[in-house]
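The values are calculated or read from the model by the stated rules, or taken from the named source; none is laboratory data. Owing to the predicted nature of the structure, the values given are computational and were not obtained by experimental measurement. Cβ placement follows ideal geometry from the backbone for every residue including glycine, while neighbour counts extend to all protein chains displayed. Note: areas computed on protein heavy atoms with side chains; ligands, DNA, RNA excluded. Shrake-Rupley method; radii C 1.70, N 1.55, O 1.52, S 1.80 Å.
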Amino acid sequence: MFDLKDLYQEVIVDHNRSPRNFGKMESPDRTLEGFNPLCGDRLTLYLKMEGEQIDDISFDGSGCAISVASASMMTDAMKGKTAKEAEEIFNNFHELVTTDGSNVDSDKLGKLAALAGVREYPTRVKCATLCWHTLHSALEGEQTAISTE
Amino acid sequence: MNSTAALTTPAFNVDALRQDFPILSRAVRGKPLVYLDNAATSQKPTQVIETISRYYSEYNSNIHRGVHSLSEEATSAYEAAREKCQSFINASSDKEIIFVKGTTEAINLVANTYGRANIKAGDEIIVSWMEHHSNIVPWQMLCEQNGAVLKVIPINDAGELIMDEYRKLLSSKTKLVAVGHISNALGSINPIKEIIDLAHQHDAVVVIDGAQATPHTSIDVQSLDCDFYAFSSHKLFGPTGVGVLYGKQALLEAMPPYQGGGDMIKMVTFEKTMYNELPHKFEAGTPNIAGVIGLGAAIDYVSEIGLDAIATYEHELLEYATEAALTIDGLRLIGTARNKASILSFVMDKVHPHDLGTILDHNGIAIRTGHHCAMPVMDRFEIPATARASFAFYNTKHEIDVLIEGIENAKKVFC
Ligand SMILES: Cc1ncc(COP(=O)(O)O)c(C=O)c1O
């Protein structure tokens, strides 16, 4: 049977309690807001780009443990990645939380794999992917806030 | 059962009533279901399920049109349900009972017919800060179309309407007041009699959203003197997809029809169509026949238990739950009105409502988390969401104990 601890793993609880890369960035190159109207989760991503590469990334906002931990872990994983690499990791992450995970390249995911438990709770997938959708749109140059609905 | 419990609720045998609800004996994630999402929708007793099933297996046919026996049987069951609704809210005539899809459609019907015909640019419509979106958006849409202005009655920190502010909003410009009887997000029971009387002093028409009230309290539209009253079957232990709009006959007679089609006409030629009489004028097309008949069975069911007995028992549940909730460190109740129905909305210091909802679900407990279709209430309390446990007469103190234990467990995950 699926155990609740598989969803709220220590690492997730920890990232929720003390989120990494949390806070507004001074003069970011890109800023984008993501909103999940169903939950009221709301986060803002800040990006500094070096050409195609993510030089620095941070976020702020409020949300459930899954969305905060996911954003914290994502920002950790994205530093130094190119937009193309980020996109690839996002695709893997999306597979991870929406399928049985058989096609996931877990080497690419690293710590992010801790969020796999979300797949048992379809209504919570949006919490885990809000930051990713926001990043995706920010990398595409989107200016207006995005919404999961 | 211990004797003190028996003394406080004579004749209220929850265990026996629970037997009427087949779903209450199922398990969720390996635990007995504890269903505390009754404000979203209620569960259905066997009496309702079997009534619907009997319609489909024994006399399914269209109503009002056939001369054959099945159609006569269906028509008389459908119209009998209308009479049940009439006496349930004490309307003066069954012509005042219009079957619709639910509360949402009932309010939209009034906005689109009465509203469009009678409310003009510069007129004012008053709603309250604690309305469900379905009692805000139709009025906003009407204001957008005709240039009327929406005014909002503010609420205090307890989640009660500030009646002095309401009095100040009323003027000769006020044409309509639309207020919920009981708030689904806060549980507050609003003083609708007073609201109606004050509105009538300014010749404004009053629409009451009764979606949350009919399962918990008896309604008398004549003594309230309300002009319109809306409710949904599915919150009242009946099927989804059906509800009632009550309207005073004189108002309904004068209103233009809502949708055009079959059943709502007396005679159609290409030059002119004569509309049917009430209530058929507002019931175009084949209605939700099974749903209406099922609603009739639900009304029989709750009437037999008695809404006064239900209200007394639920009040006891609410007091028990409130007291228990307040012992939880870091829990803050949202909605502490003096006059409250059995709805417990709250937030926790370190646990987001959505995480709480997931963790409770893991214990078989169904609560609702989110904005409860009342975003202005969330803004008012400066929170993104609440967790909400809402009780029906088939809930027990034991289930509340399970809820409290679940909340304590959730805290352990995060603290
Ligand atoms: C206070 C209130 N009004 C209106 C509605 C809308 O009812 P329905 O969805 O049945 O049309 C609800 C249901 O959530 C409600 O709680």
Q. By a straight-distance test (C-alpha under 12 Å), which aspartates and glutamates pair with B:Lys151 as possible cross-link partners, with residues fewer than eight away in the same chain excluded?
A. B:Asp123, B:Glu124, B:Glu165
**Q.** Top positive-direction residue, dipole computed over chain B with Cβ charges, set B:Asn288, B:Tyr229, B:Leu142
**A.** B:Leu142
Q) How high is the relative contact order of the stretch A:4-147, in percent, counting Cα pairs under 8 Å that sit 6 or more residues apart? A) 29 percent
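Counting only GluC sites (Glu not before Pro) that sit in a DSSP loop (anything but H, G, I, E, B) with at most 13 other Cβ atoms within 10 Å, what is the longest stretch of chain B containing none of them?
Answer - B:1-270.
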Q: Please tell me which of these pairs span more than 23 angstrom C-alpha to C-alpha: B:Lys235/B:Lys412; A:Lys5/B:Lys412; B:Lys120/B:Lys235; A:Lys81/A:Lys111?
A: B:Lys235/B:Lys412; B:Lys120/B:Lys235
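If you take the accessible area of A alone, add that of B alone, and subtract the area of the pair, what total do you get in Å², probe 1.4 Å, to the nearest 100? Could you put the intermediate results ahead of the total?
Values: alone 7570 and 17690 Å², together 23800 Å².
For A against B, buried area totals roughly 1500 Å².
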Q | the stretch B:309-370: trypsin sites (Lys or Arg not before Pro) in DSSP loop, at most 11 other beta carbons within 10 Å | A | B:Arg338
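Accessible area of the protein assembly as shown with a 1.4 Å probe: how many percent of it is carbon plus sulfur?
Working: 11920 of 23800 Å².
Looking at the protein assembly as shown in its full context, I get 50 percent from C and S.
B:Arg167 to B:Lys120: FRET efficiency via 1/(1 + (r/R0)^6), r the Cβ-Cβ distance, R0 22 Å, to the nearest 0.05? Please list the in-between numbers first.
On the way: r = 24 Å, r/R0 = 1.08.
For R0 = 22 Å, the calculated efficiency reads 0.40.
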Q: Give the angle, between 0 and 90 degrees and rounded to the nearest 10, that separates the Cα long axis of helix B:353-362 from the longest principal axis of the Cα atoms of chain B.
A: 80 degrees
Q | Label-point separation, A:Lys79 to B:Thr327 (7 Å along Cα→Cβ), nm | A | 4.7 nm
Q: Compute the convex hull volume of the Cα atoms of the stretch A:4-147, divide it by the residue count, and report the result per residue in Å³ as a whole number.
A: 95 Å³
Q. What share of the DSSP beta bridges in the protein assembly as shown is antiparallel, in percent to the nearest 5?
A. 65 percent
Q.
Using only Cα atoms and rounding to the nearest 10 degrees, what angle (0 to 90) does helix B:397-414 make with the longest principal axis of chain B?
A. 70 degrees
Q: Using DSSP, restrict attention to beta bridges with both residues in chain B and report what percent are antiparallel, rounded to the nearest 5.
A: 60 percent
Q) With axes computed from alpha carbons, what is the tilt in degrees of helix B:289-305 against the longest principal axis of chain B, rounded to the nearest 10 within 0 to 90? A) 50 degrees
Q: Quote the charge dipole size of the stretch B:49-304 about the Cα centre in Debye, to the nearest 20; the model charges only the Cβ of Lys and Arg (+1) and of Asp and Glu (-1).
A: 580 debye
Q. For the stretch B:300-415, what relative contact order do you get, as a whole percent, if you take Cα pairs closer than 8 Å and at least 6 residues apart?
A. 29 percent
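Please compute the alpha carbon radius of gyration of the protein assembly as shown, then divide it by the globular-protein estimate 2.2 N^0.38 Å. Two decimals is fine. Numbers along the way, then the final one.
Values: Rg = 26.4 Å, N = 564, 2.2 N^0.38 = 24.4 Å.
Cα Rg divided by the expected 2.2 N^0.38 Å: 1.08.
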Q.
Need the list of lysines near B:Lys272 for cross-linking: C-alpha distance under 19 angstrom, and skip anything on the same chain fewer than eight residues off.
A. B:Lys281
